[in-house]
Amino acid sequence: MDYNTQREKLILPEYGRCIQDMVKYAMTLEDRSERQRCAFTIIDLMAAIQSYNGDENDFYQKLWNHLALISNYQLDIDYPVEIQHVDEQAVKREIIPYPQKKIDRRHYGATVEAIAHKLMEMQPGEERDKLTQLLANQMKRAMANWNVNALDDDKIMEDLAELTKGKIQLLPSDINLISDKELMNEIQQQTVSKKKKKNK
């Protein structure tokens with residue numbers, strides 16, 4: 001079972017688990033050029049999730065710093081900026097404004113829509129398949145948080161097709177979606193964990 005309480009802690013929660021999983025995936029790529037290309041894709045997604053005012057160079061400096069931090073400075077690529085090592089607490093004190101963007105399906109959130117838009121630009125292949133897998137499971141978790149009684153794998157695949165304007169059209173059997181039972185166990189574990197923290 002894959003419980004949230006057993007999962008790796010989010011290093012920068014504002015980017016979500018999808019981004020952290022993508023960084024972990026990038027670190028497994030043996031080909032340096034492919035790893036480099038994947039890193040730029042992740043930065044594009046991080047930029048789409050966040051908003052900025054002011055100097056664009058400062059904004060991207062911060063994103064590359066965050067990418068390095070999420071990888072625990074283990075992502076071996078040619079960074080286009082000089083990475084500034086910072087401790088986790090210093091990063092947490094940064095105030096990152098929530099993007100004021102229109103979200104078509106609010107129960108999925110801005111991160112899901114940003115990643116769906118990125119999928120539309122990607123060529124078919126392992127990288128797109130991996131990102132599609134991460135996104136579909138994130139959509140299912142988001143749907144469960146919104147209305148646990150509305151869980152429907154066919155609906156998730158239909159929404160994924162609409163979010164990607166038909167670029168990604170799959171059946172539930174085409175992808176390894178987390179089962180309803182596993183998801184219910186995750187939610188139960190989250191509830192128990194929250195109660196324990198509250199009672200401390």
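Readers should treat all values here as calculations from the given coordinates under stated rules, not as data from a laboratory. Since the structure is predicted, the reported quantities are computational estimates derived from the model, not experimental observations. Glycine also receives a Cβ, built like all others from the backbone with ideal geometry; neighbour counts cover every protein chain displayed.
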Exercise. Given 0.36 nm per residue, what is the gain on full extension from N145 to D129 after removing their alpha carbon distance, in nm?
Worked result: 3.3 nm
For this session: Within the stretch 19-37, which residues have the backbone N less than 14 Å from the label spot 7 Å out from N176 along Cα→beta-carbon, could you tell me?
Result: 25
Exercise. Cross-link partners among aspartates and glutamates for K155, C-alpha distance below 13 Å, same-chain residues fewer than 8 apart left out?
Worked result: none
Exercise. So which of K24/K62; K24/K167; K62/K165 end up more than 21 Å apart by C-alpha?
Worked result: K24/K167; K62/K165
For this session: Pull up the cross-link candidates among the aspartates and glutamates for K9, meaning alpha carbon to alpha carbon under 20 Å and not fewer than 8 places away within one chain.
Result: D21, D87, E88, E94, E182, E186
Problem set entry | Electrostatic dipole magnitude of the stretch 29-77 [Cβ: Lys, Arg +1; Asp, Glu -1; Cα centre; debye, to 20] | 80
